[in-house]
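Q: Take this structure, written in structure tokens, and hold onto it; I'll ask about it next.
The values are calculated or read from the model by the stated rules, or taken from the named source; none is laboratory data. These numbers come from a predicted model, not from an experiment. Cβ placement follows ideal geometry from the backbone for every residue including glycine, while neighbour counts extend to all protein chains displayed.
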């Protein structure tokens, strides 16, 4: 085999490896929210635009959903999403969700506390870095900054 053929085969293998490393997002999600929260509906539309079918549940006690999901106390947001085997707490941007499904860490989920301006479902420009945390059994640690 000559050098050009070897180089071409190696390049193709690297491209295939990179393509398979990017994990696909789940096709369905369940979003738990307060019935009066419009920004949560905006987040559901954001997920739908990504090709995810979203079931919205707005007749449950959110505190109990967060407790059962392992969300750390004081780091909640206005909605909780179950996406595949993970929980997404709040207005987490797509880049963090993609990173979660590429890395597939052994955690309960990721979150973004509060309702930061400029995140999916929240109008306005980003005014400060988004500190996305990961959580497991009600304990949090940094996941990524966007």
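Q: Can you tell me which of 67, 85 is modelled with pLDDT of 95 or more and farther than 21 Å from residue 25 by Cα?
A: On the way: 85 fails: farther than 21 Å from residue 25 by Cα.
Just a single option satisfies the conditions, and that option is 67.
Q: Does residue 20 qualify as being assigned to a helix (DSSP H, G or I), over 22 Å from residue 95 (Cβ atoms) and either touching a strand residue (DSSP E or B) at 6+ places or on another chain (Cβ under 6 Å) or at pLDDT below 95 (or both)?
A: No.
Q: Quick one: residue 98 ticks every box in (1) in contact (Cβ under 8 Å) with a residue 60 or more places away in the chain; (2) in contact with a strand residue (DSSP E or B) (Cβ under 9 Å, 6 or more places away or on another chain) bar one, so which box is it?
A: Condition (2) is where residue 98 drops out.
Q: Among the numbered criteria (1) surrounded by 14 or more Cβ atoms within 10 Å (Cβ to Cβ); (2) on the phi > 0 side of the Ramachandran plot; (3) modelled with pLDDT under 95, which single criterion is violated by residue 94?
A: So the condition that residue 94 fails would be (2).
Q: Something else about it: Consider residue 31 carefully, then state whether it is more than 24 Å from residue 141 (Cβ to Cβ), modelled with pLDDT of 95 or more and surrounded by 12 or more Cβ atoms within 10 Å (Cβ to Cβ). Don't jump to the end; show me each part of the working.
A: Values: more than 24 Å from residue 141 (Cβ to Cβ): yes; modelled with pLDDT of 95 or more: yes; surrounded by 12 or more Cβ atoms within 10 Å (Cβ to Cβ): yes.
In short, yes.
Q: Any idea which of (1) over 15 Å from the mean Cα position of the chain (by Cα); (2) assigned to a loop (DSSP other than H, G, I, E, B); (3) at pLDDT 95 or above is the one residue 59 doesn't satisfy?
A: The failed condition is (3).
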